[in-house]
Structures are given as structure tokens and as C-alpha cells.
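Notes follow once the structure below has been shown.
The values are calculated or read from the model by the stated rules, or taken from the named source; none is laboratory data. Treat the numbers as computed from the prediction; the structure is a model and nothing was measured. Here the Cβ positions follow ideal geometry from the backbone for every residue, glycine too, while neighbour counts run over all protein chains shown.
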Amino acid sequence: MNLPPFNIFPTLSTEKIMLREILISDIPDIVEISFYNAKQAENLEQAIEMHERINQDYRNGNSIHWGISHRSTNKIMGTCGYYRGLETGTGELGCVLLPMFRGQGIMTNAMKLAIDFGLYKIELNRIMAKTNKQNQSAIKLLDRLNFIKVDDLLNEEFKYEYKSQLKSK
Ligand SMILES: CC(C)(COP(=O)(O)OP(=O)(O)OC[C@H]1O[C@@H](n2cnc3c(N)ncnc32)[C@H](O)[C@@H]1OP(=O)(O)O)[C@@H](O)C(=O)NCCC(=O)NCCS
């Protein structure tokens, strides 16, 4: 496996979007979608502190967190990444979009890039995701991406696992 940190922070892109490193100058745009340990930032100061913790986790090899930017504006529209368990060969994917960028297919494309990176660059054996049982948008997203429900957790969450027929592409 090739665990973080990498010599150069990996940038992934399609024609329209880029998954890139989040800079301190991006943080004011993403305060409302800044989370750490499921806690949401309430202000810029907390968002910056969370960003520092996320960077430390990256340096420790536990996670990789990308900003999803539009290639024409370079503005961050959302984030996604792997947040736990990389050293065991299992990545837990998480993601969030700013509300104004939802409903346009952005996250489906971002997650495809992150999944490919997890499988072929980090060489993960499994990719998991968890979502609240009421979170229809996340459930639809995971269905679209070929995740299947593998567990019904006690805390009102479903656990999903990515199942690809195409691992040897
Ligand atoms: C989960 C979340 C990222 C999903 O966002 P999303 O906008 O529904 O997902 P996508 O960006 O992939 O967009 C897909 C939607 O855009 C629509 N769409 C519109 N134009 C599109 C286009 N050109 N291409 C693809 N899809 C398009 C799709 O039909 C789909 O809508 P539907 O789900 O109603 O069918 C978002 O709801 C969110 O940030 N939630 C809060 C955080 C969260 O719950 N995270 C999940 C943890 S697992």
C-alpha cells in the first residue's frame, strides 16, 4: 500500500472539477462544511483548527482530505476524502457539498476520482461509507456509485461498502 503523506499532495481532476489540497485561504468559504469527528465548525476559528487537525492526520498517514474545486473558478464547492483506517487497508469515505452546489452531479464525479485513487494509488482492499438512515441524498449517491448496504448500525446509521466488478481496469 502507498499510505499518505505523499511527496506531492495528489491532485485529481476531470474536465470540470479538481480534487486538490485545501489552503488556509479557502477556509472562509467552507466554514459551514468543516467537520472533525462529526462536529461541525461554528466559526472561522474552529474551521481553521479542524483544518490543522485534518492536516496532522494526513501527515500521520491516517487520512486524505481533498477540496473539490471548479476548474474555471478554483473555488471550493465541497470536500471529500478518506478519514480512518487506511493502515488496515480499509478506507472510510466521507463527503459534503456546500448547499448551493448540490443537485448537479459534482459529488458523484468527485467520489469516482477518490474511489479510483483509493483502489489504485493507495491500494486499499475495501472502501466503506456510513450514512444516517434518513439521509436520502447520501443513500442515492452511494447507490449510484455501486456501494451496497452491508450493515444496519445501532446509531441510526447504515454502513455501505463499495463493490466494483472493475477493479482490474
Ligand atoms: C450527500 C451529498 C454530497 C449529495 O449531494 P448531491 O448533490 O445529491 O450529489 P451529486 O453532486 O452527485 O448530484 C447528484 C444529483 O444531481 C442531479 N444532477 C443534476 N444535473 C446533473 C448532471 N449534469 N450530472 C449528474 N447529476 C446531475 C442528479 O440527478 C442527482 O439528483 P438526485 O439525487 O435527486 O437524483 C449532499 O447532499 C451533502 O453534502 N449532504 C451533507 C453531507 C452528507 O450527508 N454527506 C454524506 C456522508 S456519506
Condition set among the hydrophobic types (A, V, I, L, M, F, W, C) and near the ligand (Cβ under 6 Å from one of its atoms), scope the range 86-109, selection nearest to the chain's Cα centre (by Cα): answer is Cys95
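So which of Lys130, Lys121, Lys112 ends up being basic (Lys, Arg), modelled with pLDDT of 95 or more, away from the ligand (no atom under 12 Å from the Cβ) and within 19 Å of His65 (Cβ to Cβ)?
The unique qualifying residue is Lys121.
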Given the residues Asn60, Asn37, Asn2, which is the only one that is out of contact with any Ser or Thr (no Cβ under 9 Å at 6 or more places or on another chain), within 19 Å of Ile127 (Cα to Cα) and more than 15 Å from the ligand (Cβ to nearest atom)? Asn2
For the range 64-85, give me each residue that is away from the ligand (no atom under 15 Å from the Cβ) and crowded, with 22+ Cβ neighbours inside 10 Å. Ile64
Every listed condition ((1) surrounded by 19 or more Cβ atoms within 10 Å (Cβ to Cβ); (2) within 14 Å of the ligand (Cβ to nearest atom); (3) more than 17 Å from Leu119 (Cα to Cα)) holds for Ala47 save (2)
Test Thr108 against the criterion of being within 28 Å of Ile27 (Cβ to Cβ) and of a type outside the set (Asp, Glu), and give yes or no. yes
When you go through (1) of a type in the set (Asp, Glu); (2) within 12 Å of the ligand (Cβ to nearest atom); (3) modelled with pLDDT under 95 one by one for Asp143, which number turns out not to apply? (3)
Would a scan of the range 91-114 turn up a residue that is within 23 Å of Thr14 (Cβ to Cβ), crowded, with 19+ Cβ neighbours inside 10 Å and of a type in the set (Phe, Trp, Tyr)? no
Filter pass, Asn135 being near the ligand (Cβ under 7 Å from one of its atoms), under 23 Å from Met50 (Cβ atoms) and over 15 Å from the mean Cα position of the chain (by Cα): yes
Kindly list, by first and then second residue, each pair from a residue in the range 107-136 that is of a type in the set (Gly, Ala, Ser) to a residue that is near the ligand (Cβ under 8 Å from one of its atoms) and not in a strand (DSSP E or B), limited to pairs with Cβ atoms under 6 Å and residues at least 6 apart or on different chains. Ala129/Leu142
